[in-house]
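Throughout, read-outs are computed from the coordinates displayed, never taken from laboratory work. A quick note: this is a predicted structure, and the numbers were derived from the prediction, not measured. As a convention, Cβ positions derive from the backbone with ideal geometry for all residues, glycine included, and neighbour counts pool all protein chains shown.
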Amino acid sequence: MDLATIEEREYAGKKVFVRVDFNVPLDKNLAITDDTRIVAVIPTIEYLLKKGASLILASHLGRPQGAPSKEFSLKPVALRLAELLRRPVTFADDCIGTEVKKRAEQLKSGDILLLENLRFHPEEEKNDKEFSRSLASLADAYVNDAFGTSHRAHASITGVPFFLIDKAAGFLIKKEVEALSRIQNNPERPLLVIVGGSKASDKIAVLKKLISKIDTVLTGGVVAYTFVKAKNWAVGNSKVDEAAIPNAKEIIRITYKLHNEFHTPLDHLITNKVAEDGDAIFTDRGTVPKGWTGVDIGPQAIEEYRDCISRAKTIFWNGPMGIFEIPKFSKGTIAIAKAVAESNAYTVVGGGDSIAAVHMANVADKISHICTGGGASLEFLEKNSLPGIDVLTLKDTTS
Ligand code: ADP
Ligand code: MG
C-alpha cells in the first residue's frame, strides 16, 4: 500500500490538523482511568513539533449524541496531554466557530491547541461537507493518527482531508497498517484466527469474507453460541446473535468445502445465573442444556484450542472466550491469552476487551502487536484498507 506518512512531508511553520483518538475511559469524577490512547500518539505529536509545526488536535470521546455535555468533554485530556508532553496545551471549548478560528490563526510553531469533542456536532458523524470545510479551514495540512476510528466515514476522517491537499498518516496508523498487512498479505501459515466476544453480527460478516484465506478458526463467546445455534445444536439461554445465523451457516458450509479447520467449543462452562454467585458447571459436550447459559469455554475446548494455537505460525485474536469480567468465568479467556503469548507465531491482538484480557493475563509484552482498534482491525483484514486510510494513499483519487 502506498501510504503517505508524515516522514515524507515538511511541516516547518505549518498549522497541522491532527485527527487523534483520545476516546479514553473516564470515571464518575471525570478522571482518566487509562491513558493508553493518549500515550500512543505522543510519537506523532513530538515529531510534528520537532519539525516546526503548530498543532490543532481533534478527537471524539464517547457517544454524546451530537450535543455538548460536560460528561464527554475532552478538557481532562488537555491536562493529561500537557503532563505527558511537559509543555502547555491550550483547550478550545468548541471545534468550529469564530473563536476557534481566531485561536488557530494565532498559533505559533510549537503551540498545541486541543479542540472540544467533534461529536458535540451531529455533522461529524454525518460527514457533513460544510462542517468538514470549517475544520479544514483551521489548518494548512492534515494528519490522521486515529486508527481505531478510520473505518468510519466521518467528517474528521474522510471529510477534512478532502479539503487539504497536504495529508498524511501518523506513526500509529503506520504501525497498525504494517502489523495487519503482515496478516493480510501472504501470512506465514497456518494462519489462525480466534473470534469471540459479542458484536457477533459484525464479526461473523467479516469472517465470511475472510474465511477462504484462513487455515483455522477458533470461536468463543456470543460468536461461538451463534455458530452452535447455526448447527442446530441446543444453546439453552446462551446469548446468540440471531441476525448473524444465515452468515454463520454459510461459513460452516464454506469450511466443509474448503476443508479448513473450524472449531466451536467442545465443552462449555455454564451457569444458572450470570453473576459471581451463580452455580457454574462444565458440560461434557458442545451443547448447552435448557435453563443454563454458556459463559466460557470448557477444559476440553481449552486443550483443543491450545493445540491449534501451538501449531499456528500467524495468529489474529479478537474477542474474549467468555464473560471474563466475572473472575469465575474468565479461565478460558486467560488460558487463550497465555497460549497466544507463549506461541512462536506472529501474534496480533485487537479490540478493547481483548486487550484488557491480555493485560489481565499479564502477557501484553509477549504479544507481537497489540492493535488499538477492534472493529477497524477486522475491517482492515477484510479490505486491506479503511476509508480513512484510502484518503491518505499516494494514489490521489480526489482530483
Ligand atoms: P472486543 O472489545 O475485544 O472487540 P467485544 O466487545 O466484541 O470484544 O466482546 C467483549 C464482551 O463480550 C465482553 O464484555 C464479554 O463479557 C462479552 N461476552 C463474551 N462471552 C460472552 C457470552 N458467552 N455471553 C455474553 N457475553 C459474552
Ligand atoms: Mg469491546
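Quick notes
- Whichever lysines have a C-alpha closer than 16 Å to that of residue 328, once near sequence neighbours (fewer than 8 apart) are set aside: 273
- Take each peptide in 139-147, 26-34, 119-127, 284-292, count the other Cβ atoms within 10 Å of every residue, and average; sorted highest first, the result is 139-147, 119-127, 284-292, 26-34.
- When only Cα pairs below 8 angstrom with a gap of at least 6 residues are kept, the chain shows a relative contact order of 16 percent.
- Residue order for 310, 330, 137, fewest other beta carbons within 10 angstrom first, comes to 310, 137, 330.
- Under the criterion of Cα pairs below 8 Å and six or more residues apart, the relative contact order for region 216-266 equals 50 percent.
- Cα-Cα over 18 Å, subset of 209/229; 70/101; 199/239; 257/313: 209/229; 70/101; 257/313
- Look at 63, 306 and count the other Cβ atoms within 10 Å of each Cβ; fewest to most, that gives 63, 306.
- Relative contact order, percent, region 6-174 [alpha-carbon distance under 8 Å, six or more residues apart]: 29
- In range of the label at residue 8: residues from region 356-397 whose backbone nitrogen is under 15 Å from the point 7 Å along Cα→Cβ: 389-397
- Cα gyration tensor category, rounded, prolate or oblate, for region 6-174 with a/c compared to 1.5: rounded
- Span from the region 152-180 Cα centroid across to the region 1-71 one, whole angstrom: 12
- Within the chain: Cβ-based charge dipole about Cα centre, in debye rounded to nearest 20 (Lys, Arg +1; Asp, Glu -1): 380
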